[in-house]
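The values are calculated or read from the model by the stated rules, or taken from the named source; none is laboratory data. Note that this is a predicted model, so its numbers are computed, not measured. Here the Cβ positions follow ideal geometry from the backbone for every residue, glycine too, while neighbour counts run over all protein chains shown. The accessibility values were calculated without ligands, DNA or RNA, using every heavy atom of the protein model including side chains. Shrake-Rupley method; radii C 1.70, N 1.55, O 1.52, S 1.80 Å.
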Amino acid sequence: MPHRPYVIDEMISAKSIAARVEGLARDIHEDFKGTDKLVVVGLLRGSFVFIADLVRELDLPVEVDFLEASSYGDSTESSREVRILKDLRGQIEGRDVLVVEDIVDTGHTLAHVTDYLSTRHPRKLRTIALLDKPARREVDFKATWTGFEIPDEFVVGYGIDFAQRNRNLPFIGKVRFTG
Ligand code: PRP
């Protein structure tokens, strides 16, 4: 589908992201120290860059798994349906689990995913999102850790797409339409 022309203005530099990821890793370390195994669950697809950087900062016994969820329906409805398109490969019962997300927007995705994973009785379930847009929230959800709180802007890069493009930008940028 053709889009209006746009440019991308840098909002959070690669350097700032790297520094924040280091800080977040220290917090995670503190919370999960002594764990026999931490299952780090990336939500496809947007989290793939963040999870790759984050796990390399963790000096813990880590297992990596992925889950894909997709939401359907009117985004203005708090009843918006979230479906699991791809489930975990491994078991999480009795395990320490960290769910990694690129952005919390309405909150539906992470709220649903944490409810869904809780039914498998992990020992500890935590969530982390690189970006948080509280102005867009439709359900009461707060990630355990957040990298950056941002205003309601259309952002791309570091895993986040615009019509499946720009995920490979090393920074977080703001889309600005020029036409
Ligand atoms: C985006 C983003 C989060 C979700 C956040 O995913 O990656 O997973 O939406 O929105 P919410 O808080 O309003 O639920 P998207 O469905 O665009 O898929 P993607 O990760 O494959 O880009």
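Laid out as a table, the results:
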quantity	calculated
Of 128, 34, 111, farthest towards positive along the dipole that unit charges on Lys, Arg, Asp, Glu beta carbons give region 14-148	34
Per-bin percent of Cα-Cα distances, the chain [10 Å]	9, 37, 37, 14, 2, 0
For region 41-47, Karplus couplings with θ = phi - 60° (6.51, -1.76, 1.60), whole Hz, Gly/Pro x	10, x, 8, 6, 9, x, 7
Helix-only [θ]222 nm of the chain, DSSP H runs n ≥ 4, -39500 (n - 2.57) each, per residue, nearest 500	-6500 deg cm²/dmol
Å² of accessible area per residue within region 14-148, as computed with a 1.4 Å probe and no ligands counted	50
Carbon and sulfur %, accessible surface of the chain computed with the full protein complex present, 1.4 Å	47
Cα-based Lys proximity count in the chain, under 24 Å, for pairs eight or more positions apart or on separate chains	12
